[in-house]
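What follows is a short report on a single structure.
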Amino acid sequence: MKLIATFPLENLKTTMYFMGYTEEGETVPSDLKERMQFLFHRKQHTPVLEFLHNWGTENMPDLKFHDGNKAPKGYSHICVAVQDADAETKRVANLGVRIIKEAGGQGIAFIEDPDGYWVEFLEGDRLGSPGDPNIDVTELNAAIAF
């Protein structure tokens with residue numbers, strides 16, 4: 001997964017970041033119009049994650065982050081489908097990533113990102129295609145209504 005595009009929106013005082021997977025040898029266009037076409041007209045099963053940064057929130061004196069893994073639960077983690085959960089867990093462990101739960105041949109593992117949020121690795125045949133994202137929610141009906 002890599003950063004595909006960054007769009008600062010000065011009038012809204014926000015920046016949109018888009019991360020996703022690219023095919024081998026595929027390059028992200030440098031021209032803004034072409035990059036937007038590339039980003040928003042991806043092939044099926046080529047997911048993109050959008051991150052939104054509202055400028056200045058990181059400087060708020062009462063800013064608190066909650067990872068959702070402990071009570072009160074809320075947003076918990078994202079899930080990325082992979083070919084081999086054991087191999088992917090080993091690969092990121094060698095990069096210094098903290099492992100929450102080893103796959104142990106079960107096809108599912110959890111790691112922790114630098115901010116303490118969990119990322120699930122799930123073998124692709126159990127969920128869509130490799131790279132497909134999934135968001136875990138605690139209250140299904142509330143999430144559907146949202």
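Coordinate-derived values only; no laboratory data. All values derive from a computational prediction rather than experimental measurement. Here Cβ is always computed from backbone atoms with ideal geometry, including for glycine, and neighbour counts include all displayed protein chains.
Side notes on the structure shown:
- Net charge dipole size for segment 2-59 [Lys, Arg +1 and Asp, Glu -1 on Cβ; Debye, nearest 20]: 120 debye
- Compactness of segment 1-65, expressed as Rg and Dmax over alpha-carbon positions, Å: 14.3, 45
- Ranked by the mean number of other Cβ atoms within 10 Å of their residues, highest first, the peptides 105-118, 78-91 fall in the order 78-91, 105-118.
- ARG42-ALA93 pseudo-label distance in nm [points 7 Å out on the Cα-to-Cβ vector]: 2.9 nm
- Shown in residue order for segment 83-99 are the 3J(HN,Hα) couplings computed by the Karplus curve 6.51 cos²θ - 1.76 cosθ + 1.60 at θ = phi - 60°: 5, 9, 4, 4, 5, 5, 5, 4, 4, 6, 4, 5, 8, x, 6, 6, 9 Hz (x for Gly and Pro).
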